[in-house]
Amino acid sequence: MVSKTALITGVTGQDGAYLAAYLLEKGYTVHGTMRRSSAPNHYRLDRLGLTPQVGGAFHLHYADLTDAMSLMRLIAALKPDEIYNLAAQSDVAVSFSVAAYTHQANGLGAVHLLEAVRHLGMASHVRYYQASTSELYGDGPVWPQNEETPFRPCSPYGVAKLTAYWSTVNYRHGYQMHASNGILFNHESPLRGPNFVTRKVTIAVAEIATGQRECLMIGNLNAKRDWGHAKDSVDGIWHITQHKEPGDYVLATGETHSVREFIERAFACIGADIQWQGEGVHEQGIDRKTGKVRVQVDPQFFRPTEVPLLCGDPSKVRRELGWQHRISFEQLVTEMVESDIAQLKAQLTAQLTS
Ligand code: NAP
Ligand code: G4F
């Protein structure tokens with residue numbers, strides 16, 4: 001067991017919740033930041049049984065990446081050994097609507113943290129992890145993408161994350177900080193936000209399976225992603241931060257699948273075989289057995305610019321840190337569908353008995 005203190009920004013998010021549980025298991029004291037919201041936003045922590053208690057190892061604090069002093073104050077008070085900057089406006093599609101805010105949170109937010117560490121005189125002993133992303137590769141022509149592949153981000157989200165990426169590299173070189181980037185490809189779980197495509201699909205499949213809905217409305221069926229499991233990702237994040245030397249690492253499975261394949265696999269979990277008919281915005285997914293239309297394309301989910309294909313090359317992280325993903329694409333999809341069906345059934349039972 002270790003007796004280190006970690007500060008996780010964005011602990012109420014998918015990765016933050018899993019990382020908090022992972023570090024607590026290792027014996028860390030974990031401090032997480034949360035934002036004020038008008039409704040409770042800690043349901044993921046609740047699902048993992050993470051409740052702050054007096055005298056316990058898990059603590060929550062209000063802070064916001066756009067408020068530099070809130071971060072400075074926390075770092076000064078907590079003196080963490082490790083800082084994991086996971087907080088972000090993480091929705092690529094939404095970043096086209098709130099571009100300036102996305103830059104402030106995702107780009108400047110990282111600078112606020114790095115500056116706080118430097119100004120507090122902690123640069124020589126704090127380890128800093130930056131949640132970088134495969135969105136940095138954008139619509140570039142090269143794949144599989146590795147640490148040498150040129151970045152060509154094509155969304156406000158991706159461009160903002162580029163600021164955070166290079167700031168992390170700059171503070172490493174300029175101030176000898178142990179500051180690392182994890183270039184993470186898409187990773188999912190039952191705790192994934194419901195507006196990301198995987199969870200949107202698995203919730204729809206669960207609702208169709210329980211008779212609550214007829215059809216899934218979807219955007220670009222042909223986009224391809226390297227989808228791993230968030231539990232594997234947080235293990236990689238920790239290994240990057242523990243490495244003697246700081247660096248930049250791709251965390252990926254090395255496999256890529258289309259949105260179409262994800263949908264087929266998710267429907268297969270409830271025994272439905274999806275057949276595709278039509279083209280473009282008129283394409284439909286039909287349940288072969290019942291003839292019912294289960295998937296329709298809706299152009300409102302198209303983006304102004306799209307990242308068509310992500311497939312990571314995790315050779316460096318395998319070679320240097322011995323990390324590799326364990327949970328397969330098939331296991332991931334099955335776990336998500338089963339979790340959504342179980343949750344929905346529990347809700348329906350609760351409604352019937354109340
Ligand atoms: P997520 O579920 O959307 O969680 C984001 C977290 O950041 C939440 O706790 C959110 O708070 C918080 N947050 C948002 N804006 C903030 C602000 N201005 N100040 C403070 N906190 C703020 O994202 P995730 O999937 O866990 O991803 C974690 C990080 O990895 C993000 O930086 C994301 O961009 C990056 N990343 C994710 C993936 C992926 O596939 N999941 C891949 C590559 C990189 P609320 O709960 O209040 O919204
Ligand atoms: O699930 P998505 O919204 O994730 P996206 O855009 O790849 O971003 C996620 O992964 C990044 C890492 O590469 C993270 F940095 C980022 O924070 C986030 O976690 O969309 C995946 C693909 C896109 O090509 C999108 O156009 O699915 C396509 N898609 C098709 N129909 C859809 C839909 N995406 C969403 N959200 N909703 C749809 O109806």
Subject >> Residues whose placed amide H lies under 5 Å from that of Val297, excluding near-sequence neighbours >> reply: Ile218, Glu283
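Can you tell me the relative contact order of the stretch 117-232? Whole percent, Cα pairs under 8 Å, sequence separation 6 or more. Don't jump to the answer; show the numbers that get you there.
Numbers: 137 pairs, mean separation 30.6, N = 116.
Over the stretch 117-232, the number comes to 26 percent.
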**OP:** Report the dimensions of the stretch 227-282 along its three principal axes from the alpha-carbon atoms, largest first, rounded to Å.
**Re:** 54, 26, 15
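Could you order peptides 316-325, 40-49 by the average number of other Cβ atoms within 10 Å of their residues, highest first? Mind showing how you got there, number by number?
On the way: 316-325: 17.0, 40-49: 14.1.
Going by the mean number of other Cβ atoms within 10 Å, highest first, we get 316-325, 40-49.
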Original post:
Roughly to the nearest percent, how much of the accessible area of the chain is carbon and sulfur, given a 1.4 Å probe?
Top reply: 52
Original post:
What accessible area, in Å² to the nearest ten, does a 1.4 Å probe give for Cys269?
Top reply: 50
**OP:** Round to the nearest 10 and give me the degree value, 0 to 90, for the angle of helix 329-353's Cα axis relative to the longest principal axis of the chain.
**Re:** 80
Subject >> For the stretch 304-319, 3J(HN,Hα) per residue [Karplus equation, 6.51 cos²θ - 1.76 cosθ + 1.60, θ = phi - 60°, Hz, x = Gly/Pro] >> reply: x, 9, 10, 9, x, 8, 10, 8, x, 10, x, 4, 5, 5, 5, 5
Subject >> From phi via Karplus (6.51, -1.76, 1.60), per-residue ³J(HN,Hα) for the stretch 16-27 in Hz, x at Gly/Pro >> reply: x, 5, 5, 5, 4, 4, 5, 6, 4, 4, 7, x
Subject >> Probe 1.4 Å, accessible area per residue of the chain, Å² >> reply: 44
Subject >> Vicinal HN-Hα couplings computed from phi for the stretch 254-269 (Karplus, 6.51 cos²θ - 1.76 cosθ + 1.60; Hz; Gly/Pro x) >> reply: x, 10, 10, 9, 7, 4, 4, 5, 4, 4, 4, 5, 5, 5, 4, 5
Original post:
What is the Cα radius of gyration of the stretch 110-153 over 2.2 N^0.38 Å, N being its residue count?
Top reply: 1.61
**OP:** Pull up all non-local amide H partners of Ile327: gap of 5 or more, or a different chain, and H-to-H distance under 5 Å with H placed in the peptide plane.
**Re:** His229
**OP:** Distance check, please: which entries in Lys231/Lys289; Lys224/Lys244; Lys161/Lys231; Lys200/Lys345; Lys4/Lys200; Lys26/Lys345 exceed 28 angstrom between their Cα atoms?
**Re:** Lys231/Lys289; Lys224/Lys244; Lys4/Lys200; Lys26/Lys345
Original post:
Relative contact order (percent) for the chain, with alpha-carbon contacts under 8 angstrom and 6 or more residues of separation?
Top reply: 16
Subject >> Length released on extending from Arg213 to Arg303, taking residue separation times 0.36 nm less the Cα-Cα span >> reply: 29.9 nm
**OP:** Calculate, axis by axis, the spread of Cα positions in the chain along the three principal axes, and write the results as whole Å, longest axis first.
**Re:** 66, 53, 38
**OP:** Determine the dipole magnitude for the stretch 1-136: charges of +1 sit on the beta-carbon of Lys and Arg, -1 on that of Asp and Glu, nothing else is charged, the reference point is the Cα centre, and the result goes in debye to the nearest 20.
**Re:** 280
Original post:
In vacuo Debye scattering of the stretch 218-354, one point per C-alpha: log10 I(q)/I(0) at q = 0.12, 0.13, 0.16, 0.22 Å⁻¹?
Top reply: -0.67, -0.76, -0.98, -1.27
Original post:
Over the stretch 112-254, what number does the Rg to Rh ratio reach, with both radii from the alpha-carbon atoms and Rh per Kirkwood?
Top reply: 1.06
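Quick check: residue separation of His119 and His59 times 0.36 nm, minus the Cα distance between them. What number comes out in nm?
Numbers: separation 60, 0.36 × 60 = 21.60 nm, distance 2.43 nm.
So the chain would gain 19.2 nm between His119 and His59.
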**OP:** Return the ratio Rg/(2.2 N^0.38 Å) for the stretch 134-208, where Rg is computed over Cα atoms only.
**Re:** 1.41
Original post:
Once all Cα-Cα distances of the stretch 15-73 are split into 10 Å bins that start at 0, what whole-number percent is in each one?
Top reply: 21, 51, 27, 1
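Run the numbers for Ser3 and Arg152: contour at 0.36 nm per residue of separation, minus the present Cα-Cα distance, in nm.
Details: separation 149, 0.36 × 149 = 53.64 nm, distance 4.03 nm.
Length gained, Ser3 through Arg152: 49.6 nm.
Just from its helices, what would the mean residue ellipticity at 222 nm be for the chain, if runs of 4 or more DSSP H residues each count -39500 (n - 2.57) and the sum is divided by every residue, rounded to the nearest 500 deg cm²/dmol? Walk me through the numbers before you get to the answer.
Values: 12 runs with 135 residues, N = 354.
For the chain, the value works out to -11500 deg cm²/dmol.
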**OP:** For Asp248, enumerate residues with amide H under 5 Å from its amide H, sequence gap 5+ or separate chain, H modeled in the peptide plane.
**Re:** Asn181
**OP:** Round to the nearest 10 and report in Å² the accessible area of Tyr175, as given by a 1.4 Å probe over the protein chains' heavy atoms.
**Re:** 90
Original post:
Given the alpha-carbon gyration tensor of the stretch 281-354, what are the semi-axes of its equivalent ellipsoid in whole angstrom, ordered largest first, with each equal to the square root of 5 times an eigenvalue?
Top reply: 33, 25, 14
**OP:** Would you please report the Å³ per residue occupied by the convex hull of the alpha carbon atoms in the stretch 34-121?
**Re:** 125
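The values are calculated or read from the model by the stated rules, or taken from the named source; none is laboratory data. This one's a predicted model, so the numbers in the text were calculated from it and none came from an experiment. So basically every Cβ, Gly included, is an ideal-geometry build from the backbone, and we count neighbours across all protein chains shown. Heads up: the accessible areas ignore ligands, DNA and RNA and are worked out on the full protein's heavy atoms, side chains in. Shrake-Rupley method; radii C 1.70, N 1.55, O 1.52, S 1.80 Å.
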